[in-house]
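The values are calculated or read from the model by the stated rules, or taken from the named source; none is laboratory data. No experiment lies behind these values; they were computed from the predicted model shown. Virtual Cβ from ideal backbone geometry, glycine too; neighbours counted across all protein chains shown. Surface areas here come from the heavy atoms of the whole protein model, side chains and all, with no ligands, DNA or RNA. Shrake-Rupley method; radii C 1.70, N 1.55, O 1.52, S 1.80 Å.
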Amino acid sequence: MHEKHIEGIIARYVKDGDVVSIGTGDLGEKFTKKLALALEQEHVPINSIGFVPTSMRSAMVASSLGLPIADINDKEIDVAIEFVDQIDNNYNFIKRSSHSFVRDKMIAQSAGTLIVVADESALVEKLRGTIPFEIATFGWKRTLNQLDVWGKARRREMNGIPFKTETGNYVIDVDVDGIFSYDDLEFETKNIPGVLETGLFLGYADKVVLRGAQLRLLSRTEFKQ
């Protein structure tokens with residue numbers, strides 16, 4: 001994503017006094033750095049905003065830039081920017097890479113405005129493919145077997161070692177061929193005792209930024225896109 005596009009998104013949606021959260025990753029770091037730069041250039045006191053980290057790495061980057069860390073226990077989030085793998089025309093989306101799906105879902109629910117960034121090719125008519133589930137480590141094989149009825153399920157590993165989220169849980173990736181009811185999938189899988197959260201986000205996104213030859217903005221609340 002071009003730097004001027006990042007600057008434009010921040011200038012348009014982040015206001016003085018906002019509590020902000022930005023997803024983790026290379027693009028997330030670019031957004032965080034542009035946020036700090038924008039505050040400096042506009043001569044707005046940097047402590048006039050709060051920053052809720054999405055990971056330990058996100059917290060380190062924000063601290064190195066002088067952004068004040070905010071606690072979601074004390075303040076709701078005004079603007080969150082998230083990076084996703086797939087999104088449909090109703091703004092439901094799948095996020096597959098995360099340091100904690102529990103944390104990400106709490107941030108999405110808290111956000112007054114959730115801006116989702118995705119490649120243009122990620123916009124689909126119906127969500128499909130791999131959906132991640134954050135699960136408790138206790139009895140994880142039992143939970144995996146219960147998730148396997150929805151599609152081929154496997155525990156996520158990195159270099160042969162079970163991957164653990166920053167909240168201390170495993171991730172099970174399930175290859176779902178087709179989702180007939182997103183709500184049913186979310187409800188029924190979360191009724192499994194070991195499932196803590198999913199990478200399926202229903203009804204959270206307010207605005208979508210699609211990256212392609214040109215930047216496209218889709219919005220629930222703005223008629224001009």
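Numerical summary
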| read-out | value |
| --- | --- |
| Kirkwood hydrodynamic radius (C-alpha pairs) into Stokes-Einstein, the range 117-177, 10 °C and 1.306 mPa s, D in µm²/s | 125 |
| Dipole in debye (nearest 20) - the range 1-122, about Cα centre, beta carbon charges: Lys, Arg +1; Asp, Glu -1 | 180 |
| Distance in nm between pseudo-label sites at Arg156 and Ile192 (7 Å out along the Cβ direction from Cα) | 1.5 |
| The chain: proportion of alpha-carbon pairs further apart than 26 angstrom, % | 38 |
| Separation in nanometres of the label points that stand 7 Å from Cα toward Cβ, at Val149 and Asp183 | 2.1 |
| Members of Lys141/Lys190; Lys75/Lys105; Lys30/Lys105; Lys4/Lys95; Lys34/Lys75 lying beyond 18 Å, as alpha-carbon distances in this model show | Lys30/Lys105; Lys4/Lys95; Lys34/Lys75 |
| Order of exposure, largest accessible area first, which applies to Phe133, Phe187 with probe 1.4 Å | Phe187, Phe133 |
| Computed over the chain: relative contact order in percent, which uses C-alpha pairs under 8 Å that are six or more apart | 19 |
| Geometric extent, Cα atoms of the range 58-191 - Rg, Dmax (angstrom) | 16.2, 47 |
| Environment charge of Arg103, counting only residues whose C-beta is closer than 12 Å and scoring Lys/Arg +1, Asp/Glu -1 | -3 |
| Extension gain, Leu202 back to Phe163 (0.36 nm per residue minus Cα-Cα distance, nm) | 11.5 nm |
| Charged-residue dipole, Cβ positions (Lys, Arg, Asp, Glu), the chain about Cα centre, Debye nearest 20 | 380 |
| Segment Thr130-Leu37, extension gain: residue separation times 0.36 nm, minus the distance between their alpha carbons | 29.8 nm |
| Neighbourhood net charge (14 Å Cβ-Cβ; Lys/Arg +1, Asp/Glu -1) for Ser121 | -2 |
| For the chain, built as a Gaussian network whose Cα springs stay under 10 Å, the top-fluctuating residue of Glu82, Glu197, Glu40 | Glu40 |
| Approximate spin-label separation Arg216-Lys75, in nm, with each point projected 7 Å along Cα-to-Cβ | 3.5 |
| Percent of Cα-Cα distances greater than 16 Å, calculated over the range 38-126 | 60 |
| Top of Ile179, Ile107, Ile94 by mean-square fluctuation, Gaussian network on the chain, Cα under 10 Å | Ile179 |
| Accessible solvent surface per residue of the chain, calculated while the other protein chains remain in place, 1.4 angstrom probe, Å² | 52 |
